[in-house]
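Before any comments, here is the structure.
The values are calculated or read from the model by the stated rules, or taken from the named source; none is laboratory data. Values in this document were obtained by computation on a predicted structure and should not be read as measured data. Reconstructed Cβ throughout: ideal geometry from the backbone, glycine too, with neighbour counts over all protein chains shown.
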């Protein structure tokens with residue numbers, strides 16, 4: 001436990017959604033200046049010049065943990081409704097693997113089930129098992145890991161049918177592919193006993209997302225780590241006890257609220273994110 005804080009500092013990344021108003025170039029400049037890596041969002045890349053942007057990122061030498069695809073779920077999600085056919089969505093996720101594999105170099109691609117708006121969870125489950133097998137296999141051939149992220153209960157049957165680690169492990173068991181693991185998000189799991197369930201991930205924990213929680217005023221109302229009520233030090237301790245050696249990514253959504261983080265000084269937000277995680281990790285040092 002003595003080295004938890006230093007390990008996290010070396011493995012700390014910011015997801016580009018945290019600084020949504022910025023360009024890719026602004027993200028990279030600020031994150032590097034603060035000694036942080038980056039989780040890429042495909043939506044911040046040009047459809048025509050993405051190869052040049054990826055080459056530029058490689059030249060900058062910033063550490064990359066993962067990528068969030070434009071289409072990341074098997075069925076439609078509330079944020080990405082089209083295309084509707086799981087086969088078409090798989091093709092787009094595989095395209096993201098093709099585009100980003102050279103910069104990920106063993107990093108992670110995020111995924112989820114999506115949802116059927118009529119509530120047919122069984123259809124979504126069966127399609128997800130088959131699709132995730134294919135995605136995990138395709139990504140493995142390009143040295144990209146796939147991490148399934150259980151989402152918060154507020155997104156059930158909107159963007160997912162899986163909201164906790166136990167059901168995620170059931171899904172992984174059915175998919176039965178070594179290249180499919182879990183992304184454990186402190187915010188998403190907070191309302192489903194995350195502090196207990198994250199300990200169940202074992203060696204299937206591929207990525208950790210961090211954000212803090214207060215009673216949401218909007219669907220997207222997350223807080224900087226350490227500025228809410230989640231006992232992040234306990235969350236981090238349980239992850240450390242798994243001998244987890246992967247990355248920690250601060251991912252904050254903030255819209256539809258009067259004090260949106262996206263409207264604040266984003267340079268200051270990035271510094272607060274780093275300090276908040278470091279403070280939580282130091283609380284476990286003895």
Query raised in the report: Taking into account only those residues within the range 272-286 that are touching a helix residue (DSSP H, G or I) at 6+ places or on another chain (Cβ under 7 Å) and part of a loop (DSSP other than H, G, I, E, B), which is modelled with the lowest pLDDT?
Result: 285
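Against the definition (surrounded by fewer than 19 Cβ atoms within 10 Å (Cβ to Cβ) and in a loop (DSSP other than H, G, I, E, B)), how does residue 229 come out, yes or no?
yes
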Query - Selected residue [more than 26 Å from residue 182 (Cβ to Cβ) and not in a loop (DSSP other than H, G, I, E, B)] from 269, 257, 249 - result: 269
Query raised in the report: Can you pull out the residues in the range 221-254 that are out of contact with any strand residue (DSSP E or B) (no Cβ under 7 Å at 6 or more places or on another chain) and closer than 11 Å to residue 18 by Cα?
Result: 252, 253
Report summary line: Taking the range 232-242 and keeping only residues that are assigned to a loop (DSSP other than H, G, I, E, B) and either crowded, with 16+ Cβ neighbours inside 10 Å or at pLDDT 95 or above (or both), one is left with 242
Requested in this report: Check the range 173-186 and report whether any residue there is at pLDDT below 95 and farther than 29 Å from residue 103 by Cα.
Outcome: no
Query raised in the report: Restricting to the range 172-181, what's the tally of residues that are touching a strand residue (DSSP E or B) at 6+ places or on another chain (Cβ under 7 Å) and over 15 Å from residue 140 (Cα atoms)?
Result: 1
Report task. Only residues that are touching a residue at least 12 places away in the same chain (Cβ under 8 Å), closer than 23 Å to residue 91 by Cα and surrounded by fewer than 20 Cβ atoms within 10 Å (Cβ to Cβ): list them for the range 135-156, please. Result -> 137, 138, 140, 142, 143
Report summary line: Picking from 212, 185, the residue that is in contact with a strand residue (DSSP E or B) (Cβ under 7 Å, 6 or more places away or on another chain), buried (at least 20 other Cβ atoms within 10 Å of the Cβ), touching a residue at least 60 places away in the same chain (Cβ under 8 Å) and farther than 25 Å from residue 80 by Cβ would be 212
Requested in this report: Find all pairs meeting these conditions: Cβ atoms under 8 angstrom apart; at least six residues apart or on different chains; first residue within the range 72-94 and at positive phi and touching a residue at least 40 places away in the same chain (Cβ under 8 Å); second residue surrounded by fewer than 17 Cβ atoms within 10 Å (Cβ to Cβ) and in a loop (DSSP other than H, G, I, E, B).
Outcome: none
